[in-house]
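Single-structure report; data block below.
The values are calculated or read from the model by the stated rules, or taken from the named source; none is laboratory data. This is a predicted model, so every value here is computed, not measured. So basically every Cβ, Gly included, is an ideal-geometry build from the backbone, and we count neighbours across all protein chains shown.
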Amino acid sequence: MKVWKRPDDVVAGAGIDEQLELMRAVVDGDLTATQFAREWHAAHRRSLNSGEKISAQFENVLNEVFYAIEEYAIDPENKQDTDISDQELISIVRDALASSESLR
């Protein structure tokens, strides 16, 4: 399997493609942060299970989102003082998208 180095390399319909689409949707306001977090995790699992390969730099960008979601309370009833807010999650995703677009 080919190693994808940037978003333009990713095959349509792949788990990573779905992750990127979800990132764009939450930044554009088409998804809530909670919807995004749930769906992104599912797409991430599909990507891992199907053996999709990305460059280390690309992986670092997507890991920023993964770790942000880990610090986000998907269920508001479980929110702790140290969890990041919806706005913080969306800001991290926006920055990650910008970083992914600059990959070579």
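Structural remarks
- Residues of the range 54-66 satisfying the condition of being surrounded by 14 or more Cβ atoms within 10 Å (Cβ to Cβ) and either more than 15 Å from Ala96 (Cβ to Cβ) or small (Gly, Ala, Ser) (or both): Ser55
- Among the residues of the range 95-104, those identified as more than 10 Å from the chain's Cα centre (by Cα) and either buried (at least 17 other Cβ atoms within 10 Å of the Cβ) or in contact (Cβ under 8 Å) with a residue 12 or more places away in the chain (or both) are Asp95, Ser99, Ser100, Glu101, Leu103, Arg104.
- The condition of being touching a strand residue (DSSP E or B) at 6+ places or on another chain (Cβ under 8 Å), hydrophobic (A, V, I, L, M, F, W, C) and crowded, with 17+ Cβ neighbours inside 10 Å holds for only one of Ile69, Ile92, that being Ile92.
- For the range 71-100, filtered to residues that are part of a helix (DSSP H, G or I) and more than 16 Å from Val26 (Cβ to Cβ), the residue that is modelled with the highest pLDDT is Asn78.
- Hits in the range 1-49 - residues which are free of Cβ contacts under 8 Å to residues at least 24 places away in the same chain, in a helix (DSSP H, G or I) and either surrounded by 12 or more Cβ atoms within 10 Å (Cβ to Cβ) or in contact with an Asp or Glu (Cβ under 8 Å, 6 or more places away or on another chain) (or both): Asp9, Asp17, Glu21, Leu22, Ala25, Gln35, Glu39, Ala42
- Selection from the range 26-48 of residues that are over 18 Å from Asp95 (Cα atoms) and either touching a strand residue (DSSP E or B) at 6+ places or on another chain (Cβ under 7 Å) or of a type in the set (Gly, Ala, Ser) (or both): Ala42, Ala43, Ser47
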